[in-house]
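Structure, as structure tokens:
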Amino acid sequence: MPAPDDQILETDPRFPSGPWTGFFLQPLIPGRHLMELRLTFHGGVMTGEGRDWVGAFVIRGRYAIADGRCYWTKRYLGRHDVFYSGFNEGKGIWGTWEIPAEGGRVPQRGGFHIWPEGMHDPSEPELSEEADLPVEREVYVGEPLVTIER
């Protein structure tokens, strides 16, 4: 969702506008449910659109630079709303989502984690390798250290 020319996008590196990815967890249907999003962050307002297995959706919400707190509504087109609340600590936004009991619907709640595309999935372990560097030593070869005269 491109920003209008007069809109200055957020400069805080935790909130880059553009493509994001992630997942939500739903207790009734085990596993990670992938999401594709395109988010815009501007002056504390978060907007966007995306899709997942439920369908296409739009996002409208708020975020705070001071503490990284975020909350938004994910509105599935022609369907229901899902309310999200989370935090951004530099590794994407994580938190909980909720569908309230409305119109005879059973309330649901679960977790989520989204992050900017291109960032390694922060919820997966990352392999790393370390090695000690060799220590340099002076070695003298050839002449003996002590000369014995006869």
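I'd like the distance between the alpha-carbon centres of segment 35-58 and segment 68-127, rounded to an integer number of Å.
Taking the Cα centre of segment 68-127 as reference, the centre of segment 35-58 is 11 Å away.
What are the semi-axes of the equivalent ellipsoid of segment 18-116, taken as the square roots of 5 times the eigenvalues of the Cα gyration tensor, listed largest first and rounded to whole Å?
Output for segment 18-116: semi-axes of 21, 14, 14 Å.
How much net charge surrounds residue 49 when only the other residues with a Cβ under 11 Å from the Cβ of residue 49 are counted, with Lys and Arg +1 and Asp and Glu -1?
So the environment of residue 49 carries a net charge of +4.
Please list, by residue number, everything in segment 90-113 whose backbone N is under 18 Å from a paramagnetic label point 7 Å out along Cα→Cβ of residue 32.
90-97, 110-113
Using the Karplus curve 6.51 cos²θ - 1.76 cosθ + 1.60 with θ = phi - 60°, what ³J(HN,Hα) values do you get for each residue of segment 50-55, in whole Hz, with x for Gly and Pro?
Computed from phi, the couplings for segment 50-55 are x, 7, 8, 5, 6, x Hz.
How would you order 55-63, 30-38 from highest to lowest mean count of nearby Cβ atoms within 10 Å? List each step's numbers first, then the result.
Working: 55-63: 16.3, 30-38: 14.6.
Final packing ranking: 55-63, 30-38.
Every number here is computed from the coordinates shown, using simple stated rules; none is lab data. Remember, predicted model here, so these are calculated numbers, not experimental data. All Cβ positions, glycine included, derive from the backbone under ideal geometry; neighbour counts span all protein chains shown.
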